[in-house]
Amino acid sequence: MVDLMHEELVFELPYGPEGMRGPHNKKSFAGMQDSVFGMFENFSIGVTELHPGLDPNGLVAEYASKCTVKATGGPYENRYVGILSFKDGKVVGWKESTTPRSQRGRCRSSARLLTPKLLALSSGN
């Protein structure tokens, strides 16, 4: 997925757990993807709806994921809304929001594991 991101990427999770909100550049986004996808198996994600913006270089996407949590063997499903902008055919801006609080309990322990790693990536370490 990282190869679809522009070098000037700004990725944000404005309503995400503390330490994961961003903004993240392409390097920290790549580290976050490696960490997150490493916690799951059989991960699938698919677009459910696209909403074009007034700006031809932007859109709002709705998408959903489904997978298994490696540590517990339990299922994990989530829905997302992403506001994306494009430059040179790649994603340059991405703000993502996930399912509201009712879902957060399932990923709270994952966020605690990821937060120190993401903070290190965000600071360039």
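DSSP loop chymotrypsin sites (Phe, Trp or Tyr not before Pro) in the range 44-86 with at most 11 other Cβ atoms within 10 Å of their Cβ, which ones? Each step should come with its number before you reach the end.
Working: sites: TYR63, TYR76, TYR80, PHE86; in loops: none.
In loop regions of the range 44-86 (DSSP not H, G, I, E or B), there are no sparsely surrounded chymotrypsin sites (Phe, Trp or Tyr not before Pro).
Give a quick list of trypsin sites (Lys or Arg not before Pro) in the range 1-65 that DSSP marks as loop, anything other than H, G, I, E or B, with at most 15 other Cβ atoms within 10 Å. Please report the intermediate quantities before stating the final value.
Numbers: sites: ARG21, LYS26, LYS27; in loops: ARG21.
Passing both the DSSP loop test and the Cβ count: ARG21.
Just tell me which aspartates and glutamates come within less than 18 Å, Cα to Cα, of LYS27; anything on the same chain fewer than 8 places away is out.
Qualifying aspartates and glutamates at Cα under 18 Å: ASP3, GLU7, GLU8, GLU12, GLU96.
Name the aspartates and glutamates eligible as straight-distance cross-link partners of LYS70: C-alpha to C-alpha under 17 Å, and not fewer than 8 places from it in the same chain.
Once the sequence-local aspartates and glutamates are set aside, what remains near LYS70 is ASP34, GLU41.
Please compute the length gained on full extension between THR68 and LYS87, using 0.36 nm multiplied by the number of residues separating them and subtracting their Cα-Cα distance. Could the numbers behind the result be given before it?
Numbers: separation 19, 0.36 × 19 = 6.84 nm, distance 3.37 nm.
So the chain would gain 3.5 nm between THR68 and LYS87.
I want to make sure I understand the PRE zone here: with the label point 7 angstrom from the Cα of THR98 toward its beta carbon, which residues in the range 16-31 have backbone N atoms less than 15 Å away?
The answer is 16-22, whose backbone nitrogens lie closer than 15 Å to the label point.
How fast does the range 1-92 diffuse by Stokes-Einstein, in µm²/s, taking the Kirkwood radius from C-alpha pairs at 10 °C and 1.306 mPa s? Can you show the working numbers first?
Working: Rh = 14.4 Å.
Approximately 110 µm²/s, per Stokes-Einstein.
What lysines does LYS26 reach when the alpha-carbon gap must be under 17 Å and sequence neighbours fewer than 8 apart in one chain are set aside?
LYS26 reaches LYS87, LYS90, LYS95, LYS117.
Readers should treat all values here as calculations from the given coordinates under stated rules, not as data from a laboratory. Since this is a predicted model, take the numbers as computed values, not measurements. As a convention, Cβ positions derive from the backbone with ideal geometry for all residues, glycine included, and neighbour counts pool all protein chains shown.
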